[in-house]
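Notes to accompany the following structure.
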Amino acid sequence: MRRASAPTSLQGARQLVLRLGAASLGIAALIALAIAALRLGAADLAAFAPRRALERAATQPPSRDDERWMRARAQLERAASLDAGNPDLHEALGRWHEAAALRAEALRSRSDAELREALVDFRHALALRPSSAYTWASVALLKLRLAEFDDEFSSAAAQAAGLGPWEPEVQLILANVAFGAFEKLHARARSTVLRAVANGLQRQGDAIFDIASRAGRADLFCRLPGIGASRQALRCV
Amino acid sequence: MNIRQIGLSLALALVVAGVTQRAEAAPGGYVHGVTGAASLQSGDAAPRPLKVGDLVQSGDIVTSAGDASAIVKLEDGQVMLLGVASAFRVTEYRYDKAKMGESRAVFGLLKGALRFITGVLGASHKEVVKVAAGAATIGIRGTDVTVIYDPASGNVTVVVNSGAVDLMTVGGTRTVQAGTYSVATRNAIPTQPVSVRAAPPSVLQTASIMLTMRNVPVNTPVSLEASAAAVAAQARADELQARAAADPQNGALKEQAAQAQQQATQSLDAAAAAAQKALQDALDAGGTLPATAAPPVPIAPLPSGAGPATTEPVLAPLPPPTTTTSTTTGGTSTGGGGTASPN
């Protein structure tokens, strides 16, 4: 009889071990997921305040002693380290550097270093999300600000125009690019970019005209494809 | 031939010359926008109400009432903005597309405020563009200037928005740069230019209003007839649209408005294409592309207690390229009946 129960205990033990193993695996998986969620949540939380800081910076004048502004960068970097595969965070970092460059310009300081940092961040964001017309447009704009009119400048503009020809923000950025350095664009990119800008005539023609005026290129504005069909043509006659 | 015969021949020659001159007077500009009650006087004829699309020629006088303003565009692209209670004369305008140096663009400010933005002529042959006001003559060196003339005091104030001008009287000449103003009083030498932000409030206010007038067209050449027809068509379409909106049950009016807009769009398309060609022709003939006036902002006076102002740009420092929509603030709205608006 004793002989017959030994195999039962062994089987029971084996089953127990198997069950314990499965449970452990499950628990480990749950813990891993929880940690990942915590990291992502922490990344999100970390990014929340600096994003707000970026929005504020867009409306408030810059100050050299703005600690909150500098803290925002640290928070964004921390968020990006917690969630390295999130293109939004890299883009937000790029925005911070871009805004920092504008602040530096407003304070009459050098801004190229910040612009280059922004470029690195945007390239990183594009590697993670190559379909973002907005990010491509941002790269083109940074290249314009850095006066780097190379292949990347033209291809970024063309990509933006191709991927987001009807996105209002993209149209405005491309307007800055086109009116700021039209002759620096590769010939094959020009018509694509102009067409995307022209798509915005109906809804934001005034803003596009303002950009053209600032750049001294009202003549180019009046050559936008389809201008004649828009009320904006009244500016050109 | 005796003296009487010589005299008669001379008189006849003068008459013929006068008739020929009048026959050769051709339109040089058109009315791009009107707000309120303004008038146009040609030669000895009585003034008639100024309308969008009216053609303007040498000798014409444009006058605005107390609450009115007008925008006149010349064939070479020059834009004349007339302030309230003001009047200016097109003394002589002749745009020779082939030989721009032989063109003439002479204007007279009779009273009030006039802002002019030079076109191809001013950019290519500055010497042919002149504005007279009171005892002063203004020679153009650049793009964007506001002139204020008070006949009672004889003061001529020049506010340069961009570029520069020479303000001349028999007493002397001052070169007035962008961001500064100078005053010429009768025959005295004009005052030393100083920052416009230090100007008297009345000058500051007038200059700001002129600077922020809306619906200002681009200062590049046009095809006169096409442009005049286009703005007139759009003004008509806007009027019908307003009437249709006020009477939504009136289907016929709505249809009329839609057709008018269709015609206006076709007209605008043709005028825009003609303007592009006019610009290209001007450039091919050796003309220089005129600088575009940047989007203006009202001029901020100096803080009280501030010392003598150094020269500063009139326009706010241009921000770097931005993605946000900008809006033009303040200034005279040219909305309302008879005004063609791009909005």
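Per this entry, B:Val19 is not counted among residues that are at pLDDT 95 or above, out of contact with any helix residue (DSSP H, G or I) (no Cβ under 6 Å at 6 or more places or on another chain) and not basic (Lys, Arg). Got at least one residue in region A:185-199 being within 13 Å of another protein chain (Cβ to nearest Cβ) and over 22 Å from the mean Cα position of the chain (by Cα)? Yes, some residue in region A:185-199 is within 13 Å of another protein chain (Cβ to nearest Cβ) and over 22 Å from the mean Cα position of the chain (by Cα).
Of a type in the set (Val, Ile, Thr) and open to solvent by less than 40 Å² (accessible area, probe 1.4 Å): does that describe B:Val222? Yes: the conditions hold for B:Val222. A count restricted to region B:135-161 and to residues that are in contact with an Asp or Glu (Cβ under 8 Å, 6 or more places away or on another chain) and on the phi > 0 side of the Ramachandran plot stands at 0.
In the set (1) hydrophobic (A, V, I, L, M, F, W, C); (2) under 22 Å from B:Val216 (Cα atoms); (3) at pLDDT below 95, the condition left unmet by A:Phe179 is number (3). Answer yes or no: is there a residue in region B:275-291 that is open to solvent by less than 10 Å² (accessible area, probe 1.4 Å), assigned to a loop (DSSP other than H, G, I, E, B) and at positive phi. Scanning region B:275-291 turns up no residue that is open to solvent by less than 10 Å² (accessible area, probe 1.4 Å), assigned to a loop (DSSP other than H, G, I, E, B) and at positive phi. Counting only residues that are open to solvent by 30 Å² or more (accessible area, probe 1.4 Å) and on the phi < 0 side of the Ramachandran plot, region B:43-60 holds 10 of them. Number of residues in region B:222-246 that are touching a Gly at 6+ places or on another chain (Cβ under 6 Å) and among the β-branched types (Val, Ile, Thr) equals 1.
Criterion applied to B:Ser9, B:Ser39, B:Ser64, B:Ser69 was being hydroxyl-bearing (Ser, Thr, Tyr) and at pLDDT below 95, and the one residue passing it is B:Ser9. Selection of region A:214-237 for residues being at negative phi, facing chain B (nearest Cβ under 7 Å), open to solvent by 10 Å² or more (accessible area, probe 1.4 Å) and of a type in the set (Gly, Ala, Ser) yields only A:Ala229. If the condition is being assigned to a helix (DSSP H, G or I) and aliphatic (A, V, I, L, M), then region B:199-213 contributes B:Val203, B:Leu204, B:Ala207, B:Ile209, B:Met210, B:Leu211. The residues in region A:185-213 that are closer than 17 Å to B:Pro217 by Cβ and surrounded by fewer than 23 Cβ atoms within 10 Å (Cβ to Cβ) can be counted, and the count is 4. Those strands (runs of 3 or more DSSP E) of region B:98-198 in which 1 or more residues are closer than 21 Å to B:Ile61 by Cα and open to solvent by less than 50 Å² (accessible area, probe 1.4 Å) occupy B:104-117, B:129-133, B:136-140, B:144-150, B:155-162.
The values are calculated or read from the model by the stated rules, or taken from the named source; none is laboratory data. The model shown is predicted, which means the values in this text are computed figures rather than measured ones. All Cβ positions, glycine included, derive from the backbone under ideal geometry; neighbour counts span all protein chains shown. Surface accessibility is based on the protein's heavy atoms, side chains included, excluding ligands, DNA and RNA. Shrake-Rupley method; radii C 1.70, N 1.55, O 1.52, S 1.80 Å.
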